[in-house]
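Here you go, one structure.
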Amino acid sequence: MPTAVIVFKYNFMKVILVACSGGITGNIIFTNLSAVILKWTHIYREKRNIKKKIFTKTTRRMIRIKQRFGLAGIAAITPLISQPIGAFFAEKFFKDKKKVVLYLSISVIIWAIGLYFILFLFHDQLEVWGII
């Protein structure tokens with residue numbers, strides 16, 4: 001996002017188009033890839049007769065996150081934790097791919113617009129600090 005802002009010199013439409021298209025494409029790819037990985041691990045566990053532990057510390061934490069925040073919460077924090085990890089968690093908890101991609105894409109658009117305006121408003125301060 002900051003690179004797109006610098007390259008396109010704060011042209012709003014170009015920056016948002018580049019940032020959102022990359023994020024949405026990543027959401028689609030990683031959601032489908034996560035579904036394949038989850039399906040493969042399920043088949044592998046069945047073939048090897050590997051029993052999954054039901055209540056571990058990790059599974060309890062994941063269930064708590066799902067119950068507390070839902071798909072919207074996972075989508076909101078996905079740009080912070082990374083697209084592949086967020087898409088994997090969303091696909092693991094919610095099997096409706098269209099809904100997962102929609103929520104993650106809306107999150108990307110909101111984050112892109114928010115970051116654009118933060119960079120736009122604080123451009124002078126960021127130049128003084130040598131960030132931009």
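What do you get for trypsin sites (Lys or Arg not before Pro) in segment 85-132 restricted to DSSP loop and a cutoff of at most 13 other Cβ within 10 Å of the site's Cβ?
Those that pass, being in a loop and sparsely packed, are K95.
Please give me the summed charge of the neighbours of V36: other residues whose Cβ is under 12 Å from its Cβ, Lys and Arg +1, Asp and Glu -1.
Every neighbour counted, the sum reads +1.
Taking the Cα centre of the chain as the origin and placing charges on Cβ (Lys, Arg +1; Asp, Glu -1), which of G23, I43, V128 is farthest toward the positive end of the dipole?
Checking the options against the dipole of the chain, the answer is I43.
OK, next. Work out the length of the dipole vector of segment 26-75 about its Cα centre, built from +1 on the beta-carbon of each Lys and Arg and -1 on the beta-carbon of each Asp and Glu, and round it to the nearest 20 debye.
Charge dipole of segment 26-75: 420 debye, to the nearest 20.
Here's something else I'd like to know. Once the Cβ-Cβ distance between K97 and K14 is put in as r, and R0 is 25 Å, what FRET efficiency do you end up with, to the nearest 0.05?
0.25
Then there is this: Please list, by residue number, every one of the chymotrypsin sites (Phe, Trp or Tyr not before Pro) in segment 52-131 that is coil in DSSP and has at most 11 other beta-carbon atoms within 10 Å.
Those satisfying the criteria are F55.
In nanometres, what is the gap between the two model label sites at E127 and R45, each 7 Å from Cα along Cα-to-Cβ?
5.5 nm
Additional query: Rounded to the nearest 0.05, what FRET efficiency do I109 and R61 give with R0 = 25 Å and r taken as the Cβ-Cβ distance? Could you check?
0.30
Could you sort out which of K47/K92; K52/K98; K51/K98; K57/K92; K51/K92; K66/K99 sit more than 26 Å apart by Cα distance in this structure?
K52/K98; K51/K98
Averaging sequence separations of C-alpha pairs under 8 Å and six or more residues apart, then dividing by the length of the chain, give the relative contact order as a whole percent.
Result for the chain is 38 percent.
Rg to Rh ratio, segment 21-132, alpha-carbon atoms and Kirkwood radius?
1.12
Suppose every Lys and Arg Cβ carries +1 and every Asp and Glu Cβ carries -1, with no other charges. What dipole size does the chain come out with about its Cα centre, to the nearest 20 debye?
Magnitude of the dipole: close to 1300 debye.
Values quoted throughout were computed directly from the atomic coordinates according to the rules given, and no laboratory measurement underlies them. All of these numbers come straight from a predicted model, not from anything done at the bench. For neighbour counting, all protein chains shown are included, and Cβ atoms are generated from backbone atoms with ideal geometry for every residue, glycine included.
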